[in-house]
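The values are calculated or read from the model by the stated rules, or taken from the named source; none is laboratory data. Predicted model only: the values in this text are computed from it and were never measured. Cβ atoms come from the backbone with ideal geometry, glycine included; neighbour counts cover every protein chain shown. To get the accessible areas, we keep the full protein, side chains included, count just its heavy atoms, and leave off ligands, DNA and RNA. Shrake-Rupley method; radii C 1.70, N 1.55, O 1.52, S 1.80 Å.
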Amino acid sequence: MNLFTNIGKAVLYQALGLQKNYSEVIESTQEITDYSNTHCSNCKQCALIHSFPSTSTVYATAINTCTTCTHRTTILQNTYKKVYYNEKNKYGYKPRLKSNAIKLFILLHFYNPNKFGIINNVSLKDLVHYLHCNIKTIINNLDILTMYGYLSYSKKDAHTISVCLNDYESYYLPANKGGRGFIIISLELFTRLIKIDNIVSLRIHLRQLAELDTLSIKTDYSAIYKSFKELKRTLPEYCKPKIIKNSVKNFNDIFNISFTDTSIRFEINQTFNCKLQKEKCFDNYLNMLNDFMKSFNNAVYNKNSTIISSDDINYSYFFDDSEELLFKPLKFKDYELEDLAQLSMQYSFDNVLYALSYVYNKYYIKERTINNLGGLVRTIIIQILNKNFKAA
């Protein structure tokens, strides 16, 4: 199992339950020129501004002149904009899940899905162990997840299954291709989430984690305020303020939670701070890349020595399409490893290795110069995700 995993925000919001549609009026204040003052009434620039369209050069020149005028005065103007929110349009729709199905769906992400979201040889006994339930519960929830379109699965034998996470490839797409980003969850955080038995509390905790992650992209947010009205939009109809409050007040392992009469403040435990989680994830990928390099170079030695090892099959896609008879070991500079670790966080470790197999065959073996390994790997990954893979 991986220590960290990425879960698409779109499919997570679907699983938790989409927010009910609503609209709000956003008020803003801006400073504008007061053209009613006496100096403006006899000003040529003011006359030009009111006579020419805003797209014209004359208008732009007059505005620039007006801005630096010593007689210019300003007033504050309030503007109002009505904004509509529709998560179904933004994220798509699947039926809301219950507690065991949510936990099972998240847990499966830790079993190292490949770039297609396929996971082989998942032990049912492992799933039972982590979720503290029985095999029947696991199978029932796998059937629900399949029926609702979250995944596909099949039994390989009585105790092993293969799984495909249906939306996995979309996690790493840009917004204009339908991607909605992903949240990084550590195994440590997930073990805390498993302990939440109350479904309302689980839904609230996961949504606040995802929203804090979004806010933390630009600034290191550690707390978020939510009114009961806002929380109710994401929950079933029966969830009144009293039910919401009772659901979250007895579990504060992930958040430090405080209440007012109208809202709840969620302050993230520093152990699970979004920025800290990403730093730990980055370090984890650095270790994985170093382990990969050692293991791969051992496979290269075996390949060149015609030694057959069962472990070498993991790298067959590096060698199978090559016409070379003698393979070269990989060696990365520290900053290149850091670039690859960052790309692993953004596009998944499996996609990075797949792109590296192309770089290895087309660049390393042929001794072509690579000026920017991270940029080259990123370009290949984007082409793969866009289904438009060409020679880079």
Fill in the blank from the handout: Requiring at least 1 residues that are open to solvent by less than 40 Å² (accessible area, probe 1.4 Å) and β-branched (Val, Ile, Thr), the helices (runs of 4 or more DSSP H) wholly within region 326-392 are 349-359, 373-385
Exercise for the section: Quick one: which residue in Tyr221, Tyr238, Tyr225 is modelled with pLDDT under 80 and either more than 18 Å from the chain's Cα centre (by Cα) or not charged (D, E, K, R) (or both)? Expected result: Tyr221
Problem - Pair list, Cβ < 6 Å and 6+ apart or interchain, from region 55-77 residues that are farther than 12 Å from Cys40 by Cα to residues that are part of a loop (DSSP other than H, G, I, E, B) and open to solvent by 60 Å² or more (accessible area, probe 1.4 Å) - result: Val58/Phe52; Tyr59/Phe52
Problem - Single residue of Leu235, Leu202 found to be open to solvent by less than 10 Å² (accessible area, probe 1.4 Å), in a loop (DSSP other than H, G, I, E, B), closer than 22 Å to Ala10 by Cβ and not basic (Lys, Arg) - result: Leu235
Fill in the blank from the handout: Condition set surrounded by 15 or more Cβ atoms within 10 Å (Cβ to Cβ) and among the acidic types (Asp, Glu), scope region 134-171, selection modelled with the lowest pLDDT: answer is Glu169
Problem - Search result, residues across region 14-48 that are within 24 Å of the chain's Cα centre (by Cα) and either within 19 Å of Cys164 (Cα to Cα) or surrounded by fewer than 10 Cβ atoms within 10 Å (Cβ to Cβ) (or both) - result: Gln14, Ala15
Practice task
Return yes or no: is Thr214 open to solvent by 20 Å² or more (accessible area, probe 1.4 Å) and modelled with pLDDT under 90?
Solution key: yes
Practice task
Working only within region 81-133, note down all residues that are part of a loop (DSSP other than H, G, I, E, B) and charged (D, E, K, R).
Solution key: Lys94, Arg96, Lys98, Lys115
Handout entry: Qualifying residue in region 172-179 (condition: among the small types (Gly, Ala, Ser), modelled with pLDDT under 90, open to solvent by less than 40 Å² (accessible area, probe 1.4 Å) and not in a helix (DSSP H, G or I))
Key = yes
